[in-house]
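Asker: Okay, here's the structure, questions in a sec.
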Amino acid sequence: MAENPLRFRDDQQADEPAVSLGAFLEQANANSVRIEAGDDVRLLIPALDRVRLVEIDFPRFRDGRGFSSARILREAGYTGELKATGDVLLDLLAFMRRCGFDSFAPDSPIDPAEAELAFNRYPHVYQHAADPPDSPWAVPIWKLRHA
């Protein structure tokens with residue numbers, strides 16, 4: 001894990017501020033984009049080769065569209081940084097990680113020790129997700145039992 005305990009990447013953090021999806025699509029030199037609730041993240045897919053950072057905003061905890069956006073990007077082959085921002089809650093961290101988020105910038109600070117507990121609370125899962133291959137969740141428990 002890198003210096004930030006809520007960032008699970010070894011590469012250098014993007015230093016360019018993220019721009020809105022519309023501005024990103026209009027600028028050929030932008031490499032960081034911010035996805036707001038309601039944005040169609042599929043518009044970003046043709047430009048994934050130049051994207052270093054995607055910030056997906058969670059305006060309030062009950063708005064789960066960001067989970068779908070993350071999964072769509074990972075399934076489309078995006079390997080850059082995927083950051084959850086906004087109303088990111090401790091009890092959702094593990095689920096966000098499984099959808100492909102690899103960094104977090106919550107509005108309210110999260111204690112790194114509590115975050116570590118949240119990420120390790122469930123050692124096994126039942127279904128495949130956008131987990132990295134080296135994740136403890138990469139192989140569902142049913143497959144471990146019947147391998």
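Asker: Among the listed residues ALA113, ALA118, ALA84, which satisfies the condition of being modelled with pLDDT of 95 or more and either surrounded by fewer than 21 Cβ atoms within 10 Å (Cβ to Cβ) or assigned to a strand (DSSP E or B) (or both)? Write out each step before concluding.
Answerer: Details: ALA113 fails: modelled with pLDDT of 95 or more; ALA118 fails: modelled with pLDDT of 95 or more.
Exactly one of ALA113, ALA118, ALA84 is modelled with pLDDT of 95 or more and either surrounded by fewer than 21 Cβ atoms within 10 Å (Cβ to Cβ) or assigned to a strand (DSSP E or B) (or both), namely ALA84.
Asker: Moving on to the next point. Take ARG42 and decide whether it is surrounded by fewer than 19 Cβ atoms within 10 Å (Cβ to Cβ), in a helix (DSSP H, G or I) and either in contact with a His (Cβ under 9 Å, 6 or more places away or on another chain) or among the basic types (Lys, Arg) (or both). If you could, list the steps in order and put the result at the bottom.
Answerer: On the way: surrounded by fewer than 19 Cβ atoms within 10 Å (Cβ to Cβ): yes; in a helix (DSSP H, G or I): yes; either in contact with a His (Cβ under 9 Å, 6 or more places away or on another chain) or among the basic types (Lys, Arg) (or both): yes.
When the stated conditions are applied, ARG42 passes them.
Asker: Considering only region 76-98, I want to know if a residue exists there that is touching a helix residue (DSSP H, G or I) at 6+ places or on another chain (Cβ under 8 Å), among the basic types (Lys, Arg) and closer than 21 Å to ALA14 by Cβ.
Answerer: So far as region 76-98 goes, yes, one or more of its residues are touching a helix residue (DSSP H, G or I) at 6+ places or on another chain (Cβ under 8 Å), among the basic types (Lys, Arg) and closer than 21 Å to ALA14 by Cβ.
Asker: To continue, here is another question. I'm trying to understand the selection: among the residues of region 14-26, which are in contact with a strand residue (DSSP E or B) (Cβ under 7 Å, 6 or more places away or on another chain) and either under 17 Å from PRO106 (Cα atoms) or at pLDDT 95 or above (or both)? Walk me through how you get there before you give the answer.
Answerer: As a first pass, look at region 14-26 and keep what is in contact with a strand residue (DSSP E or B) (Cβ under 7 Å, 6 or more places away or on another chain): 14, 16-21, 24.
PRO17, ALA18, VAL19, SER20, LEU21, PHE24, listed by residue number.
Asker: Scan region 57-72 and tell me whether some residue there is at pLDDT 95 or above, touching a helix residue (DSSP H, G or I) at 6+ places or on another chain (Cβ under 9 Å), β-branched (Val, Ile, Thr) and within 16 Å of ALA130 (Cβ to Cβ).
Answerer: Scanning region 57-72, I find at least one residue that is at pLDDT 95 or above, touching a helix residue (DSSP H, G or I) at 6+ places or on another chain (Cβ under 9 Å), β-branched (Val, Ile, Thr) and within 16 Å of ALA130 (Cβ to Cβ), so the answer is yes.
Asker: For region 103-131, which positions are under 19 Å from ARG71 (Cβ atoms) and free of Cβ contacts under 8 Å to residues at least 60 places away in the same chain?
Answerer: Within region 103-131, PHE119, TYR122, VAL125, TYR126, GLN127, HIS128, ALA129, ASP131 meet the criteria.
The values are calculated or read from the model by the stated rules, or taken from the named source; none is laboratory data. Just so you know, these numbers come straight off a predicted model, no measurement behind them. All Cβ positions, glycine included, derive from the backbone under ideal geometry; neighbour counts span all protein chains shown.
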